[in-house]
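Quick notes on the structure that follows.
The values are calculated or read from the model by the stated rules, or taken from the named source; none is laboratory data. Every value quoted in this text rests on a predicted model; they were computed, and no experiment measured them. Neighbour counts run over all protein chains shown; Cβ positions are idealised from the backbone, glycine included. Only protein heavy atoms, including side chains, enter the accessible area calculation; ligands, DNA and RNA are left aside. Shrake-Rupley method; radii C 1.70, N 1.55, O 1.52, S 1.80 Å.
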Amino acid sequence: MAKLGAEDEQEENPVSATEMKTIIKSLLKTPPTHDSYHQLSRPEQVVIFRLRTGHNRMQQHLHKKLRAVPSSMCPCGDAEQDAAHILQDCRNLQPLRREIWTRPVPLHEKLHGPVEALHKTTSFITRAGLQV
């Protein structure tokens with residue numbers, strides 16, 4: 001087959017090999033993802049990423065992983081300060097939580113939901129004055 005193709009008259013191709021390689025690579029490149037996380041601003045992505053992974057500045061991580069604080073307890077005294085406690089249960093943040101989420105919202109939706117849910121989560125963290 002290759003011999004038959006080589007015998008055919010070849011058309012002039014003004015595209016260099018390097019340029020053709022660039023064109024082929026661009027055609028094969030996967031399009032950027034447009035999920036809810038990637039629609040956030042960079043600072044919002046950082047907040048959501050840190051909440052999702054637990055690598056943040058909350059007492060639990062600072063105490064257990066870094067030994068930077070004496071206790072992993074939340075200032076409310078009810079539980080260890082982690083993302084789940086802050087977003088769902090902390091009584092000190094209950095009024096703000098009710099203001100931002102008018103109905104009960106599962107933790108998974110707050111961290112992995114649509115872009116509107118992620119905006120609410122980052123707004124909650126910012127308005128609570130928390131550094132994550």
Would you compute, from DSSP H runs of 4+ residues alone, the mean residue ellipticity of the chain at 222 nm, taking -39500 (n - 2.57) per run and dividing by the full residue count, rounded to the nearest 500?
-13000 deg cm²/dmol
Whenever you get a sec, compute what percent of the accessible area on the chain sits on carbon and sulfur atoms (1.4 Å probe).
55
Leading residue at positive end of dipole, the chain (Cβ point charges), from Val47, Ala117, Ser72
Ser72
Can you tell me which of 9-17, 57-65 comes out highest on packing, and rank the rest after it, using the mean Cβ neighbours within 10 Å?
57-65, 9-17
Long-range amide H partners of Met73, meaning residues 5 or more apart or on another chain whose placed amide H is closer than 5 Å, are Gln81
With θ taken as phi - 60° and the coefficients 6.51, -1.76 and 1.60, list the Karplus ³J(HN,Hα) couplings across segment 124-132 in order, rounded to whole Hz; mark glycine and proline as x.
4, 4, 5, 5, 6, x, 8, 9, 10
Measure of compaction for segment 40-132 (Cα Rg per 2.2 N^0.38 Å)
1.03
Dipole magnitude of the chain, debye to nearest 20 (Cβ charges: Lys/Arg +1, Asp/Glu -1, about Cα centre):
1160
What nm distance separates the two modelled labels at Arg67 and Val46, each placed 7 Å from Cα along Cα→Cβ?
2.8
Round to the nearest 0.05 the FRET efficiency obtained for Glu99 and Ser36 when R0 = 22 Å and r is the Cβ-Cβ distance.
0.50
Result for segment 26-101: accessible area per residue, probe 1.4 angstrom, in square angstrom, of 65
Hey, rough spin-label estimate for Glu109 and Asp89, points 7 angstrom out along Cα→Cβ, what's it come to in nanometres?
2.0
